Amino acid sequence: MKFFIDTANLDQIRKYRDMHLVDGVTTNPSLAAKENTDFRSLIKTICDLVQAPVSAEVVSTRADEMFAEARELAAISPHVVVKLPTIPEGIKALARCVEAGIPTNMTLVFQPLQALIVAKIGATYVSPFLGRLDDIGQDSMDVLSVIREIYDNYDFQTKILAASLRHPLHVVQAARLGADVATLPPTVFDKLLDHPLTTIGLERFLADWGKMRPEA
Ligand code: E4P
């Protein structure tokens, strides 16, 4: 399973990249707006930093304009993956991107039929937003497992990118169900390696080592 980082913040991307945890980056308009800088330059810098897939989202809502934006974003770097909302106009833009060879990430997916449709058209990634489903009392992992089953039934090549993850258990569950990628916010990255028994165990080892008397 690949780990993407769900942020547009360069310091955070550098931090986890240096720990060899980052296989790619996802951004969205809300995350990009937080950085308050020129979006295209920011995406270029992120691509240069990670040299791996970087999702950049269009903000138009009509297919023609979405496709024009997609072409501009894709021209920034070969690492750019264009994120399109899974709405009817987004589907039309997806078909044009597929024809033009532009990698895509279909976002705001909440049910298996949306995932089936984008795979049929040839999306590179599909992003089911798992945490947002849990937030409204729906079983996000059930949705993820149905998407996996459908994709396996038809051997679709679209990669399942588990998104909107809120905690480490989401990551474990998504891995068990066969998501190809998990995109994690920095808060979840921070918790991945954290276990109290690891911390206590190391403290004890070092304390015991400190008590050792040097041989005469
Ligand atoms: C994924 O690509 C999205 O940017 C992200 O995972 C959304 O997460 P949120 O529901 O925490 O905003």
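Bear in mind these aren't lab numbers, they're just calculated from the coordinates by the rules spelled out. What you see is a predicted model; the values in this text were computed from it and never measured. Every residue, glycine as well, gets a Cβ built from its backbone with ideal geometry; the counts of neighbours run over all protein chains shown.
Counting other C-beta atoms within 10 Å, which of R204, R148 has the fewest, and how do the rest follow? Before the final figure, lay out the partial values.
Details: R204 10, R148 18.
With the sparsest Cβ surroundings first, the list reads R204, R148.
Normalise the Cα radius of gyration of segment 69-196 by 2.2 N^0.38 Å (N = residues in it) and let me know the number.
The value comes to 1.07.
If I take all pairs of Cα atoms in the chain, what percentage of them are more than 26 Å from each other?
Values: 8928 of 23220 pairs.
The share of Cα pairs beyond 26 Å in the chain comes to 38 percent.
Roughly how many debye, to the nearest 20, is the charge dipole of segment 2-212 about its Cα centre, given +1 on each Lys and Arg Cβ, -1 on each Asp and Glu Cβ, and no other charges?
200 debye
With helices defined as uninterrupted DSSP H runs, which ones in the chain have an alpha carbon span along their own long axis of at least 15 Å and mean Kyte-Doolittle hydropathy of at least 0.5?
Qualifying helices: 39-50.
Per the Kirkwood definition applied to all pairs of different Cα atoms, how many angstroms is the hydrodynamic radius of segment 1-89?
Evaluated on segment 1-89, it is 13.2 Å.
With the Cα gyration tensor of segment 30-70 giving a ≥ b ≥ c as the square roots of its eigenvalues, does the rule (a/c under 1.5 for rounded; else a/b larger than b/c for prolate; else oblate) give rounded, prolate or oblate?
Cα axes put segment 30-70 in the oblate bin.
Can you sort Y16, Y154, Y125 by how many other beta carbons sit within 10 Å, fewest first?
Result, fewest neighbours first: Y154, Y16, Y125.
Tell me the relative contact order for the chain as a rounded percent, counting alpha carbon contacts under 8 Å between residues six or more apart.
About 17 percent, as a whole number.
Fewest to most neighbouring Cβ within 10 Å: what's the order for H167, H20, H195?
H20, H195, H167
How high is the relative contact order of segment 53-140? Use alpha-carbon pairs under 8 Å, at least six apart in sequence, and give a whole percent.
Normalised by residue count, the contact order of segment 53-140 is 23 percent.
Report the per residue volume, in Å³, of the convex hull enclosing the C-alpha atoms of segment 140-196.
Dividing the Cα hull volume of segment 140-196 by its residues yields 75 Å³.
Mind jotting down the distance between the C-alpha centroids of segment 42-70 and segment 117-166, whole Å?
When both Cα centres are located, 21 Å separates them.
Okay, helix-only estimate at 222 nm for the chain: each DSSP H run of n ≥ 4 adds -39500 (n - 2.57), divide by all residues, round to 500 deg cm²/dmol; what do you get?
-16000 deg cm²/dmol
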